[in-house]
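For reference, the structure is listed below as structure tokens.
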Amino acid sequence: MVLGNVVLGVAYGPADVVDILRQAGIEEAVIALDDRQLIEWQGGGPDVWK
């Protein structure tokens, strides 16, 4: 995951995304994995994991 130009970590599933965003200071109550203003998905979306 990248915030601006800073790499925050690697997510292997939705729980990792939430955890990384929480560590970046985003309140868990406002985290919605389908919120395109919060998250820009590359090569898929919140339901696509390999």
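The values are calculated or read from the model by the stated rules, or taken from the named source; none is laboratory data. Keep in mind that what you see is a predicted model, and the values were worked out from it rather than measured. What goes into the accessible areas is simple: the full protein's heavy atoms, side chains included, and nothing from ligands, DNA or RNA. Shrake-Rupley method; radii C 1.70, N 1.55, O 1.52, S 1.80 Å.
A few remarks follow.
- Residues of the chain: accessible area per residue with a 1.4 Å probe, Å²: 80
- Taking amide H as placed 1.01 Å from N in the peptide plane, the amide H of W41 sits under 5 Å from none that are at least 5 places away or on another chain.
- 5 angstrom amide H check on L3, placed H, neighbours 5+ away: L8
- Ligands, DNA and RNA left out, the 1.4 Å accessible surface of the chain is 50% carbon and sulfur atoms.
- Cα gyration tensor category, rounded, prolate or oblate, for the chain with a/c compared to 1.5: rounded
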